[in-house]
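Trainee: One structure coming up, written as structure tokens, with questions to follow.
The values are calculated or read from the model by the stated rules, or taken from the named source; none is laboratory data. The structure displayed is predicted, hence computed values, not measured ones. For neighbour counting, all protein chains shown are included, and Cβ atoms are generated from backbone atoms with ideal geometry for every residue, glycine included.
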Amino acid sequence: MARTNALLPPAENPPGRSIRQTAGDGATLIAEVRGNVYFDGTPLESEFTLDLGAYCAHQRAQLAIWERQYTRLDVDPAVALSGQDLRPVPDSRLSLTEAFLRHERLVVVGGAGAGKTTSMLYLVASALPGGALADYLEEAVPVYLELGRFRAESSASPLDSLLLLVADTLYRGQAFPEPLSLRRVRELLTSHRFLFLLDGLNEAQAGLHSSCLAAINDLAKLYSKHRIVVSSRPHGFSPPQDWNVVLLRELDEAQIPVFIERHLNDAPSQSLLATRQAS
């Protein structure tokens, strides 16, 4: 039987409040609002489809600057020997973009200020329709998540806690007019291809680091068609099994002038650029 959506507007449903959904047969279903996600109840929002146009327009407005100003960084593929830190593979330098296109499971490792977040934002912007990398990604929908926002929700598995963050990000990104249920997010993972850019594993709360990593592993195993990139600092980091790991390289002599020209437009910076070009 057809159902009618009797959800109140989000403004009238503050986090933690119960809401009522009325089915077509008159039954009343109870759900709970936590942030921008509905828990339990019947997912009546399934009548809404992902508004890719609105989502991409919103993302492009937020991130277009990164595609214009990003200085392309290079990486070294890395290996982790037993009981040792990550080691770069000799004579294997390549661009981060090339590494990204080669591997569907990629970990980008770099120290503070190495360019992890700017690289992730560049990849998001470039993956949007019309972006430099979009044609290579089979129409995958890019979703950027800050892992510092990961929380262990009560009665939720680590994976479900990560999917709640996905749901919140899609809603805030204007992909849907209503908050999403967990069931709806799982449906999306089956019906669409996504590119997940998970930024700052090291920034997950100390007590949640292992849960966050477990959630990422479960996402990769249970929804294998999606491309996933994770960034992290190297300290105390053990890469997931069978993932490809790359180490960000510092800017070289050819890249430094490009960085200065794109990011620093004041007179002292331009003087420095002219001095470097003359030397």
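Trainee: Go through VAL166, VAL124 for me and flag whichever is β-branched (Val, Ile, Thr), crowded, with 20+ Cβ neighbours inside 10 Å, at pLDDT 95 or above and more than 26 Å from ALA80 (Cβ to Cβ).
Mentor: Step by step, each of VAL166, VAL124 is checked, and only VAL166 is β-branched (Val, Ile, Thr), crowded, with 20+ Cβ neighbours inside 10 Å, at pLDDT 95 or above and more than 26 Å from ALA80 (Cβ to Cβ).
Trainee: Anything in the range 41-73 that is at pLDDT 85 or above, surrounded by fewer than 19 Cβ atoms within 10 Å (Cβ to Cβ) and not hydrophobic (A, V, I, L, M, F, W, C)? List them, or say none.
Mentor: Those that are at pLDDT 85 or above, surrounded by fewer than 19 Cβ atoms within 10 Å (Cβ to Cβ) and not hydrophobic (A, V, I, L, M, F, W, C): THR49, ASP51, GLY53, HIS58, ARG60, GLN62.
Trainee: Please enumerate the residues belonging to the range 208-234 that are assigned to a helix (DSSP H, G or I) and without any contact (Cβ under 8 Å) to a residue 40 or more places away in the chain. Give the derivation first.
Mentor: Kept after step one, since they are assigned to a helix (DSSP H, G or I), are these residues of the range 208-234: 208-222.
HIS209, SER210, LEU213, ASN217, LYS221, listed by residue number.
Trainee: So is ARG172 surrounded by fewer than 20 Cβ atoms within 10 Å (Cβ to Cβ) and in contact (Cβ under 8 Å) with a residue 60 or more places away in the chain or not?
Mentor: yes
Trainee: Confirm whether ARG183 is surrounded by fewer than 19 Cβ atoms within 10 Å (Cβ to Cβ) and touching a Lys or Arg at 6+ places or on another chain (Cβ under 8 Å).
Mentor: Here the answer is no, as ARG183 does not meet what is asked.
Trainee: When you scan the range 169-189, how many residues do you find that are of a type in the set (Ser, Thr, Tyr) and either at pLDDT 95 or above or closer than 16 Å to CYS56 by Cβ (or both)?
Mentor: Number satisfying all stated conditions: 2.
Trainee: Restricting to the range 215-248, name every residue that is farther than 11 Å from VAL107 by Cα, surrounded by 16 or more Cβ atoms within 10 Å (Cβ to Cβ) and small (Gly, Ala, Ser).
Mentor: Of everything in the range 215-248, those that are farther than 11 Å from VAL107 by Cα, surrounded by 16 or more Cβ atoms within 10 Å (Cβ to Cβ) and small (Gly, Ala, Ser) turn out to be ALA215, ALA220.
Trainee: Pick from ALA99, ALA134: which is surrounded by 14 or more Cβ atoms within 10 Å (Cβ to Cβ) and in contact (Cβ under 8 Å) with a residue 12 or more places away in the chain?
Mentor: Result: ALA99 is the single residue among ALA99, ALA134 that is surrounded by 14 or more Cβ atoms within 10 Å (Cβ to Cβ) and in contact (Cβ under 8 Å) with a residue 12 or more places away in the chain.
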